[in-house]
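J.: So that we are looking at the same thing, I have put the structure below in structure tokens.
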Amino acid sequence: MSPLSALEVLREEHRWIARMLDLFEHLALDGRRHGRLAAEPAAELLALFVHFADGLHQEREEACLFARLFARVHTVEERVVLGRLCGEHEEERRTLRTLSDSLLGAIYGRAGDLSQFLRESEAFVRLHRRHLADETRELLPMAERLLEPEDDALLLQLYRGLDCGGPDLASIAARITRLAERLEPRADGAATSH
């Protein structure tokens, strides 16, 4: 199997982030039903969003891909798209900080924190899904159109620099898969998170 291109890496990460969003919805629904969040899966999923989705993945886009694209864009409209996508990243990070602030209280069943966590989780999922759709519809086609062949090698090198010392995509995918096995309902209808 040949190695992934820089854009294929982002597409693969988008698939895993979409999976995480599904799990996040399930976690929130389970929390609403039980009056508190399942501690371990909630903390792990939030950590995955902080360090992978809104961390490493967005860093690949902002520090690597967007920088190359800003050097290659030709129109004001293309610059506006890149600026808007950066703004969406910041909006997601703000919502994630609010989720993190209410996590502990939501785990312990404190009504105000749980209510805030559930409200913010809906906004977070909505923002992230819209953003993934925007990147699929606008960013990735723009990158395919504007980037030169040598950009791929440079982007992959920059990605490796960001990966240094951290988990690779395969280990992140394995964590998400294990988390899904714990969070999602079993065939008998019982959830495995409690």
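J.: Give me the one-decimal nm value for the distance between modelled label points at Glu91 and Leu104, 7 Å along each residue's Cα-to-Cβ direction.
T.: 3.0 nm
J.: Roughly how big is region 96-187's charge dipole about its Cα centre, with Cβ charges of +1 (Lys, Arg) and -1 (Asp, Glu), in debye to the nearest 20?
T.: On the way: 13 positive and 16 negative charges, 138 e Å.
Charge dipole, region 96-187, about its Cα centre: 660 debye, nearest 20.
J.: In addition: Considering only protein heavy atoms, what per residue accessible area in square angstrom results for region 78-177 with a 1.4 angstrom probe?
T.: 51 Å²
J.: Can you tell me the orientation of helix 149-163 relative to the chain, as the angle in degrees between its alpha-carbon axis and the longest Cα principal axis, to the nearest 10?
T.: Roughly 40 degrees between the two axes.
J.: How large is the convex hull of the Cα atoms of the chain per residue, expressed in Å³ as a whole number?
T.: Enclosed volume per residue, from the Cα hull, is 121 Å³.
J.: Continuing with the same structure: How large is the accessible surface per residue of region 17-57, computed with a 1.4 Å probe and reported in Å² as a whole number? Intermediate values should be presented prior to the final figure.
T.: Values: 1500 Å² over 41 residues.
Dividing the accessible area of region 17-57 by its residue count gives 37 Å².
J.: Right, something else. How much accessible surface does Leu96 have with a 1.4 Å probe, in Å² rounded to 10?
T.: The accessible area of Leu96 comes to roughly 10 Å².
J.: Same structure again: What length, rounded to one decimal in nm, is gained on full extension from Ala170 through to Leu146, with 0.36 nm per residue of separation minus their alpha-carbon distance?
T.: Working it through step by step, the gained length comes to 5.8 nm.
J.: Per DSSP helix of 4 or more residues, -39500 (n - 2.57); summed, then divided by the residues of the chain. What does that give at 222 nm, rounded to the nearest 500?
T.: Helices in the chain give a 222 nm mean residue ellipticity of -24000 deg cm²/dmol.
J.: Quick check: the angle from helix 169-183's long axis to the longest principal axis of the chain, C-alpha only, nearest 10 degrees?
T.: 20 degrees
J.: With r as the distance between the Cβ atoms of Val76 and Arg129 and R0 = 30 Å, compute the FRET efficiency 1/(1 + (r/R0)^6) and round to 0.05.
T.: Once rounded, the FRET efficiency stands at 0.65.
J.: Residue farthest toward the positive end of the dipole of the chain, with Cβ of Lys/Arg at +1 and Asp/Glu at -1: which of Thr98, Pro149, Met20?
T.: Thr98
J.: Of the heavy-atom accessible surface of region 1-144 (probe 1.4 angstrom), what whole percent is carbon and sulfur?
T.: Ligands and nucleic acids excluded, carbon and sulfur give 55 percent.
The values are calculated or read from the model by the stated rules, or taken from the named source; none is laboratory data. Here the structure is a predicted model, which means the values were calculated and not measured. In this analysis, Cβ positions are derived from the backbone assuming ideal geometry, glycine residues included, and neighbour counts consider all displayed protein chains. Just the protein is used for accessible areas: all its heavy atoms, side chains included, with ligands, DNA and RNA removed. Shrake-Rupley method; radii C 1.70, N 1.55, O 1.52, S 1.80 Å.
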